[in-house]
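The values are calculated or read from the model by the stated rules, or taken from the named source; none is laboratory data. On a predicted model such as this, the values are computed, not experimentally measured, just so you know. As a convention, Cβ positions derive from the backbone with ideal geometry for all residues, glycine included, and neighbour counts pool all protein chains shown. The protein model used for the area step is the full one, side chains on, heavy atoms only, and it has no ligands, DNA or RNA in it. Shrake-Rupley method; radii C 1.70, N 1.55, O 1.52, S 1.80 Å.
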Amino acid sequence: MSISPLQKERLQYSPKLPGMLRNGIAEICVKEGEETKSVADQEKIKALFPNTYGKREITFEKGQNTSAAKKQVVGVILSGGQAPGGHNVVCGLYDALKATDRENVLYGFKNGPSGLLNDDYVEFTDEFIDQYRNTGGFDIIGSGRTKLETEEQFAVAAEVCKKHGITAIVIIGGDDSNTNAAVLAEFFAAHNTGVQVIGCPKTIDGDLKNEDIECSFGFDTATKTYSELIGNIERDANSAKKYWHFIKVMGRSASHVALECALETQPNICLVSEEVAEKKMSLSEIADYIADSVANRAANGMNFGVAIIPEGVVEFVPEFSVLIAEINELLAGAKADEFNALPTWKDKYAFIENGLTKESMAVFAILPETIQQQLFLERDPHGNVQVSLIESEKLFSALVKAKLEERKQTGTYSGKFSPLHHFFGYEGRCAFPSNFDADYCYSLGYNAFMLIQYGYNGYLSKISNLSKPAEEWVAGGMPITKMMNMERRHGEDKPVIRKALVELDGKPFKFFEAHRAEWAVETAYTYPGAIQYYGPASVCDITTRTLALEKGE
């Protein structure tokens, strides 16, 4: 495998550990905290997790290691979408395991949870793992989205673990993957398999977050990557002075990525899905809000600008959510075949018009035809609209254009509006991890092994105090059940980790809210530039604006 000069340098980077993990395995002890309870639905969660519910949070400190010495055979799984730093979680886990006993073994199950079910794995060696240190991607073993949720799957997993003498499984994933980890841990405990399960918090979307998990890994790198690109576009916009750029960024359920990118780059417009829902904003109101910025800037001779659009914002528009629900119902069962058999879009439009309520049809009618058709593209496995396929950046630029045409008719706008469109998603998922993510992920993996060594099961590897230098980070663990509540999924009540949305009374949003009116009219762009790896710590090791604001720094 040929590697670039940057990769050669990054392979040599030594990730920084929290102070208490630098003492050496023999000098790490455990301090137990209070017993925990789930964020909601305590009785229901407790009934579903009788063996793993209510355990104590723990913190690692300097002191005599009192864990029982035994050979550890650990399996690791990368689950769900890629996030920068995943390789370093594996490397940290491997290094801690080998530092404890060179006879310890680490298996990497290939292509996600299915690797465990199919007994498809690789045994890590120094030579193999050293190729992946501080690199982006999940290609060390691949990832997958197979869910571990049935008794049959758990039984197969238990047999595979028994076959290899596996003592613990580490699942690196987001909220769904760590929910699966909690359920698997409960099964293993209930059946006395002797196998522990530890989770690690991953998602670039930033929605696996709470009072304990200050930041999911990958968020730092992804938002810095997107912010670099947005800054480049802002500089181009300010140079050419003739285009409005509508930029969609990752974030299906929450707007953490959009908000962080806005804090980093100070665009003219950034929509926040949670605010749209809170204010019950209509598509027309959102279009007017953006059009106001376009018109005000045009009045000052600036026919250019930048707008950031969260990927899932349309789902937060109440009238659009109702429309989607009606479309899902309209095409339920055999009706979908009837619709798909219609020969032309005109025939399909008539079918739609006949099936929607008057209110939803009014919303549907104002959409550009391309967006209308996107609502009827291939359905998801449950027969629902795939909202992620909707080009919301093009939707809003088209609606804004229509608003501006109306204003021209009334003489309240006379500028030029030339929109360009971008979607930044995959560009950030496998980037070389920032120093922060390289350090954080390595610490998560190293810490995960300490949780295994001390016998914990159903715990999430937890590194906190992240806004401080790595030396001051605090390592420990928390029961995954603490983050869970009951939610309705596909017609059933299921235990899941609660997604963290942008808090409208939180410091990051309040800072944005206090400055956006100025940014909407002025050209206040900032240009973060490329992720810095080498140079002063004040540049290379800084964390996100979101985390700094949350911690009051």
(request) Need at least 2 residues that are open to solvent by less than 50 Å² (accessible area, probe 1.4 Å) per element, so show me which strands (runs of 3 or more DSSP E) inside segment 102-214 make the cut, counting only ones lying wholly within it. (result) 105-109, 168-173, 196-201
(message) With the structure loaded, tell me whether ILE497 is under 15 Å from ASN210 (Cα atoms), at pLDDT below 95, of a type outside the set (S, T, N, Q) and open to solvent by less than 10 Å² (accessible area, probe 1.4 Å) or whether it fails that test.
(response) yes
(request) Considering only residues that are acidic (Asp, Glu) and free of Cβ contacts under 8 Å to residues at least 60 places away in the same chain, look in segment 299-345 and name the one that is least open to solvent (accessible area, probe 1.4 Å). (result) GLU326
(request) Please go through segment 504-529 and pick out each residue that is touching a residue at least 24 places away in the same chain (Cβ under 8 Å) and either within 18 Å of THR52 (Cα to Cα) or in a loop (DSSP other than H, G, I, E, B) (or both). (result) LEU504, GLY506, THR523, ALA524, TYR525, THR526, TYR527, PRO528, GLY529
(request) For ILE230, state whether it is part of a helix (DSSP H, G or I), touching a strand residue (DSSP E or B) at 6+ places or on another chain (Cβ under 8 Å), hydrophobic (A, V, I, L, M, F, W, C) and buried (at least 24 other Cβ atoms within 10 Å of the Cβ). (result) yes
(request) Of the conditions (1) within 25 Å of TRP473 (Cα to Cα); (2) open to solvent by 40 Å² or more (accessible area, probe 1.4 Å); (3) not small (Gly, Ala, Ser), GLU487 clears all except one; give me its number. (result) (1)
(request) Go through (1) aliphatic (A, V, I, L, M); (2) open to solvent by less than 10 Å² (accessible area, probe 1.4 Å); (3) closer than 23 Å to ASN180 by Cβ one by one and return the number of the condition MET250 breaks. (result) (2)
(message) Step by step: first the residues of segment 227-257, then only those that are out of contact with any Ser or Thr (no Cβ under 8 Å at 6 or more places or on another chain) and free of Cβ contacts under 8 Å to residues at least 60 places away in the same chain, then the one that is farthest from ILE171 (Cα to Cα). Which residue is that?
(response) SER239
(request) Just name the residue that is nearest to ASN296 (Cα to Cα) out of those in segment 394-424 that are part of a helix (DSSP H, G or I) and either of a type in the set (Val, Ile, Thr) or touching a Cys at 6+ places or on another chain (Cβ under 6 Å) (or both). (result) VAL400
(request) Take LYS224 and decide whether it is in contact (Cβ under 8 Å) with a residue 60 or more places away in the chain, of a type in the set (Lys, Arg) and either in contact with a helix residue (DSSP H, G or I) (Cβ under 7 Å, 6 or more places away or on another chain) or outside any helix (DSSP H, G or I) (or both). (result) no
(request) Answer with yes or no whether ALA237 is farther than 29 Å from GLU487 by Cα, assigned to a helix (DSSP H, G or I) and open to solvent by less than 10 Å² (accessible area, probe 1.4 Å). (result) yes
(request) With the condition kept exactly as written, say whether any residue in segment 449-462 is charged (D, E, K, R), in contact with a Phe, Trp or Tyr (Cβ under 9 Å, 6 or more places away or on another chain), modelled with pLDDT of 95 or more and farther than 29 Å from HIS245 by Cβ. (result) no
(request) Please tell me if ALA287 is touching a strand residue (DSSP E or B) at 6+ places or on another chain (Cβ under 9 Å), open to solvent by less than 10 Å² (accessible area, probe 1.4 Å) and in a helix (DSSP H, G or I). (result) no
(message) Can you tell me which condition ALA332 does not meet? The list is (1) of a type in the set (A, V, I, L, M, F, W, C); (2) in a loop (DSSP other than H, G, I, E, B); (3) at pLDDT 95 or above, and all the others hold.
(response) (3)
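When you scan segment 272-283, how many residues do you find that are among the hydrophobic types (A, V, I, L, M, F, W, C) and open to solvent by less than 10 Å² (accessible area, probe 1.4 Å)? Full working, then the answer.
Filtering segment 272-283 down to residues among the hydrophobic types (A, V, I, L, M, F, W, C) leaves 272, 276-277, 281, 283.
Narrowing further to those that are open to solvent by less than 10 Å² (accessible area, probe 1.4 Å): 272, 276, 283.
Here the count works out to 3.
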